[in-house]
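The values are calculated or read from the model by the stated rules, or taken from the named source; none is laboratory data. Quantities reported herein were computed from a predicted structural model and do not represent experimental measurements. Quick reminder, even Gly has a Cβ in these numbers, built from the backbone with ideal geometry, and neighbours come from all protein chains shown.
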Protein chains: 2
Amino acid sequence: MKNNTIITISRQYGSGGREIGKRLAEKLGIPFYDKELITLAAQQSGYSEHLFEKSDKGATNSLLYSLSMYGNTMGLYDMPLNDKLFIAQSQTIKNVAEQGPCVIVGRCADYVLRGHPHVLNVFIHSDMESKIKRVVEEYGVESDNVMDLINKTDKRRANYYNYYTGMKWGRAENYHLALRTDCVGIDGAVATLAQFIEAQNALTNEND
Amino acid sequence: MKNNTIITISRQYGSGGREIGKRLAEKLGIPFYDKELITLAAQQSGYSEHLFEKSDKGATNSLLYSLSMYGNTMGLYDMPLNDKLFIAQSQTIKNVAEQGPCVIVGRCADYVLRGHPHVLNVFIHSDMESKIKRVVEEYGVESDNVMDLINKTDKRRANYYNYYTGMKWGRAENYHLALRTDCVGIDGAVATLAQFIEAQNALTNEND
């Protein structure tokens, strides 16, 4: 399948979005970036990988993000650092996108690459039952309240996205394609995405 | 293609959602309901078709909806009527869904049919440029400010949906599949939907 598209994947925790991105990248024969971006961003920026990991795991929360909007006058030293890490990571995303088609998971890549002529932004979600099942059985998470963990993780992802992009995480209009995995499975989601990309390429060729 | 699914389509004005629904229904060989529901609802409820049309064209707006939530003590006689029309229309939607697979456009059908075992909820949107083009060239709308018309129409659709469902119109998680038409065209959107339905049927058969 011909493809010259950068695919960004935003996903609810436990929806299988990462797995879908990985399989789609394999199917298209293009690189896949998730945590790989942290290593790259650390190499390219000089900040330690540990700092990116800490930011990735969400030391930040909604209140801190809100406070940071009013400047750094309160001694919360990690606020500007988070912003610096975001900028460094964004530069890494732009660098990998310049190298050609790839799949990038999370990290506001849809926003970072806005204006890029060949970007396909995808949002993957699922029903709570299937998310709990995946988090427990496939991610091996042990928790008394997995649903709470899922909700909190998504809240953090939404806060991060909304803060850095000024848009609303999970609004259909931000993405070219959004789909729910529980009714089609991982394979069905990959096949649907591949069909969408094929249609996009066909339309592009038609208009050339 | 085997299919036992009721497909509901919510759509931004000018996105081509109605056309996609119509073509998908043809492809699947199942009935298509848009304005046809008004005639049916009038026949089944005894209210005049004119009343449904008036409600459909949006005599209501956000303020009136909000007021209606506080009861009918202000002499706004059409408020309970709108609710009655919604209930009558919902009953018609349930009736047509009982008859088997079909495509239903708008009218909060996703919410009305919640809990139905075979419903696929779809949201169709597009970029503003392509929506303006479609509204002018295909719907033949003459207006000094088509963008304003599009925004107001979608605002009305969102208000109607949010009021009657308690959910947020256009949030990806409300729909099994949401897609943007400008990058794949009508044919590409229909092909993607067909692929998703095929994957859904395959998974259902696998789990049977």
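Residue A:125 falls short of the stated requirement of being modelled with pLDDT under 90 and within 14 Å of chain B (Cβ to nearest Cβ). Out of segment A:145-177, which residues are assigned to a helix (DSSP H, G or I) and more than 14 Å from chain B (Cβ to nearest Cβ)? Across segment A:145-177, the qualifying residues are A:146, A:147, A:148, A:149, A:152, A:153, A:156, A:159, A:160, A:163, A:164, A:165.
Listed by position, the helices (runs of 4 or more DSSP H) enclosed by segment B:11-74 that each have at least 1 residues that are modelled with pLDDT of 95 or more are B:17-28.
Only one of the numbered conditions (1) part of a helix (DSSP H, G or I); (2) of a type outside the set (Lys, Arg); (3) farther than 19 Å from residue A:187 by Cα is not met by residue A:129, and that is (3). Taken over segment A:188-208, the residue count meeting the criterion of being in contact (Cβ under 8 Å) with a residue 60 or more places away in the chain and under 20 Å from the mean Cα position of the chain (by Cα) is 6. Name every residue in segment A:126-148 that is among the hydroxyl-bearing types (Ser, Thr, Tyr) and within 13 Å of residue A:181 (Cα to Cα), in order of residue number. Within segment A:126-148, A:126, A:130 qualify. Filtering segment B:178-193 to residues that are assigned to a helix (DSSP H, G or I) and facing another protein chain (nearest Cβ under 8 Å) leaves B:185, B:187, B:188, B:189, B:191, B:192.
Residues of segment A:194-208 being more than 7 Å from chain B (Cβ to nearest Cβ) and touching a strand residue (DSSP E or B) at 6+ places or on another chain (Cβ under 8 Å), which ones? Within segment A:194-208, A:197 is the sole residue that qualifies.
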